[in-house]
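See below for the structure under consideration.
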Amino acid sequence: MIEETLKTTLDTLGYKVFPLKKPQDTALPCLVYTKIANPRRKTHSGKVNLKKARFQIDVYSSTYSEVKTITKLVEDLLECNTTPWTLSQLIDARDLTEENSYRVLIESYLFYEEI
């Protein structure tokens with residue numbers, strides 16, 4: 001599953017990584033990933049093996065400078081050609097704040113082969 005592949009890839013950065021939501025009282029920094037969409041693709045000749053999944057990755061930190069540094073690491077990791085998917089495309093990165101933390105919401109497409 002592409003979710004497991006993304007988690008394994010994000011784990012290489014050395015931060016805590018969670019699916020869907022940040023557990024309450026989790027020490028910062030940490031990352032949270034959510035699959036937003038994974039539509040089926042077909043052509044007139046049938047099924048297409050190349051999938052296009054849209055993910056949201058939230059970067060949380062207690063300082064603004066650290067959240068920006070980690071965001072850059074995540075973006076570089078996703079865009080790097082050493083990832084296990086075929087291609088990634090950064091859609092957007094937005095700065096947000098929450099009580100007692102800073103957050104950057106990264107949206108990206110991951111293109112991968114489905115067997």
*asked:* Take the residues in the range 74-102 that are in a strand (DSSP E or B) and in contact with a helix residue (DSSP H, G or I) (Cβ under 7 Å, 6 or more places away or on another chain); name whichever of them is nearest to Leu31 (Cα to Cα).
replied: Tyr102
_Which count do you get for residues in the range 10-39 that are part of a loop (DSSP other than H, G, I, E, B) and under 17 Å from Thr86 (Cβ atoms)?_
2
*Quick one: in the range 58-76, of everything that is in contact with an Asp or Glu (Cβ under 9 Å, 6 or more places away or on another chain) and of a type outside the set (Val, Ile, Thr), which residue is surrounded by the most Cβ atoms within 10 Å (Cβ to Cβ)?*
Tyr60
*Condition test on Thr71, is it assigned to a loop (DSSP other than H, G, I, E, B) and not aliphatic (A, V, I, L, M)?*
no
_Given the options Glu79, Glu99, name the one that is of a type outside the set (Val, Ile, Thr), surrounded by fewer than 16 Cβ atoms within 10 Å (Cβ to Cβ) and farther than 18 Å from Thr8 by Cβ._
Glu99
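Residues are listed down the side, and each one gets a yes or a no for (1) in contact with a strand residue (DSSP E or B) (Cβ under 6 Å, 6 or more places away or on another chain); (2) closer than 17 Å to Met1 by Cβ; (3) of a type outside the set (D, E, K, R):
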residue: Lys68; (1), (2), (3): no, no, no
residue: Leu77; (1), (2), (3): no, no, yes
residue: Glu98; (1), (2), (3): no, no, no
residue: Glu114; (1), (2), (3): yes, yes, no
_Scan the range 40-59 and tell me whether some residue there is assigned to a loop (DSSP other than H, G, I, E, B) and touching a Phe, Trp or Tyr at 6+ places or on another chain (Cβ under 8 Å)._
no
*All positions within the range 8-57 that are charged (D, E, K, R) and surrounded by 12 or more Cβ atoms within 10 Å (Cβ to Cβ)*: Asp11, Lys16, Lys22, Lys35, Arg41, Lys51, Lys52, Arg54
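Coordinate-derived values only; no laboratory data. Quick caveat: nothing in here was measured; it's all calculated off a predicted structure. Glycine also receives a Cβ, built like all others from the backbone with ideal geometry; neighbour counts cover every protein chain displayed.
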